[in-house]
């Protein structure tokens, strides 16, 4: 035991960050009930606050918490058999009473992630559950980040926990046949959290920007748990590479476009880390949407200026992305890249079908890209009209927010 | 766990002729039976034949028709026993009506007081 004293509080804080979600995950898997798991974990942390201050921090805080929480859970089961716990869990609990888990299983957090991101839950519910139980954010923090009343969010979580336990959503890694699509769902939730932070609107900028860090934390966890999954690596690389530009993306006046960013303010450590993770993933030759988007971000990150950017390669990657995950927004970005690589006429040829489809009529980046290509093609009058359309599209503040979000989601230059 | 798979569709919207639709349900029911998950299944008479009953102030009030007027009617249900929601959702997705209607999956509660009283 380490000396008794003020470091007990610090140890508890570290243990909370490191162990809380692991404790919740293990209990949830064993009990099949997230609420019961959360309650037992809360009791264990309360007990730790008392015991550690008195006796000193135990040598294995995670193990101490796990053992204590498990004991609390069993007490809870014995005292209240009417709780919404599967009777089988009760039997398992009795059987396991003597052998509390000594180690904190990282694998249980993977099962917890799959449960929190289950497709039978509404998307906003998946996001809230993942941030609360996997990332360990408080209800208040999540409510603030999504500009919701705390009571609304708390209610949403209560309902979600009830649905998970009563509808039979398991805290387990799905079988091989469902794994790929369920893993897609988990990654989508993490990326959604990242984009919510990336698109931080003015009023709640600081709180929301924290969502990027949380998403990266979740991405690191998933990557650590599934090191062989190339798309998870791609997602982590993509988030790191985008986040490397965070300081340069904002100035006093608002968002700064990629072309105008001070590249000396890009975070070189994040770029190096993201690029290394991406390179290792790409070497396995299992391409996917996230790896492709990360590769585009990596090419931007490697360039000293817009002119020095490898536009032919970026255009080719957008072509690959359009096949993997086709969308009009990807086509707009591809048109910009083709316009840089092969000249404005080639870019306009890519853009024409998007313009004709009318799919993105209110999307300012479409009109801005169109205007820029027309300008460079020497069609000044048409360019002026396109710029006017771009500005009209940006007039609405709410829309502007949405545009940025989609821009962040498209992974490329505006 | 037990699940009720509640079968909904708007009448007359099946793209299949009646005979083929019937065959599809037979095949589905048979596969559920063979998988050993089938606890029961019923097909309901049309929603237009329903009678809804309320008792208010001691008085019985009858309404001619279903209590909810929806485009898609409850046509019947399967009761199955499978390990978890994912498996139940797979069985739901295989139901012929899901191609044009919808199946609602509801877990069945167990261990309630009234069930214990009836046991």
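A short reminder: the numbers here are calculations on the coordinates, not readings from a lab. Since we're looking at a predicted model, the values are computed, not measured. Please note: Cβ atoms are built from the backbone with ideal geometry, for glycine as well, and neighbour counts cover all protein chains shown.
Find how many whole Å separate the alpha carbon centroid of region B:29-96 from the alpha carbon centroid of region A:221-288.
Spelled out, the Cα-based centre of one part sits 50 Å from the other.
Taking the Cβ-Cβ separation of residue B:21 and residue A:7 as r and a Förster radius of 51 Å, what is the calculated FRET efficiency to the nearest 0.05?
Taking R0 as 51 Å, the efficiency between residue B:21 and residue A:7 is 0.10.
Please compute, for peptide B:99-112, the average count of beta-carbon atoms on other protein chains lying within 10 Å of each residue's beta-carbon.
Neighbouring Cβ atoms belonging to other protein chains average 2 per residue here.
Please list, in order, the residues from region A:264-292 whose amide nitrogen is less than 14 Å from a point placed 7 Å along the Cα→Cβ vector of residue A:320.
Correct set: A:278-292.
Taking the Cα-to-Cβ direction at residue A:384 and at residue B:62 and moving 7 Å from each Cα, how far apart do the two end points lie in nm?
Distance between label points: 7.9 nm.
Work out the mean other chain Cβ neighbour count within 10 Å for the residues of B:87-95 and drop it here as an integer.
Across the residues of B:87-95, the mean count of other-chain Cβ atoms within 10 Å is 2.
To the nearest 0.05, how large is the calculated FRET efficiency for residue B:50 and residue B:118 if R₀ is 30 Å and r is the Cβ-Cβ distance? The partial results should precede the final answer.
On the way: r = 26 Å, r/R0 = 0.88.
That pair, residue B:50 with residue B:118, gives E of 0.70.
Pick out which of B:66, B:96, B:17 has the largest mean-square fluctuation in a Gaussian network model of chain B, springs linking Cα atoms closer than 10 Å.
With Cα springs under 10 Å in chain B, the top fluctuation among B:66, B:96, B:17 is at B:17.
How crowded by other chains is A:177-183, given as the mean number of beta carbons from other chains within 10 Å of each beta carbon?
So the per-residue partner count for this stretch is 1.
According to a simple spin-label model (label point 7 Å from Cα along Cα-to-Cβ), what is the distance in nm between residue A:280 and residue A:313?
2.1
Starting with the fewest neighbours, write out B:67, A:114 ranked by other beta-carbon atoms found within 10 Å of each beta-carbon.
By the 10 Å Cβ count, ascending, the order reads B:67, A:114.
Compute the FRET efficiency between residue A:375 and residue A:269 as 1/(1 + (r/R0)^6), taking r as their Cβ-Cβ distance and R0 = 41 Å, and round to the nearest 0.05.
0.65
Once the piece of chain linking residue A:17 and residue A:178 is laid out straight, how much longer is it, given 0.36 nm per residue of separation minus the C-alpha distance between them?
Extra length from residue A:17 to residue A:178 when fully extended: 54.9 nm.
Evaluated at 4 °C with a viscosity of 1.567 mPa s, what Stokes-Einstein diffusion coefficient in µm²/s does the protein assembly as shown have when Rh comes from the Kirkwood expression over alpha-carbon pairs? Walk me through the numbers before you get to the answer.
Working: Rh = 26.9 Å.
After rounding, the answer is 48 µm²/s.
Give the average over all directions of the projected area of the C-alpha convex hull of region B:57-113, one decimal, in nm².
6.9
List A:152, A:26 from most exposed to least, where exposure is judged by having the fewest other Cβ atoms within 10 Å.
A:152, A:26
Quick check on the exposure proxy: order A:392, A:126, B:56 from fewest to most C-beta atoms within 10 angstrom.
Listed from fewest to most nearby Cβ atoms, that is B:56, A:392, A:126.
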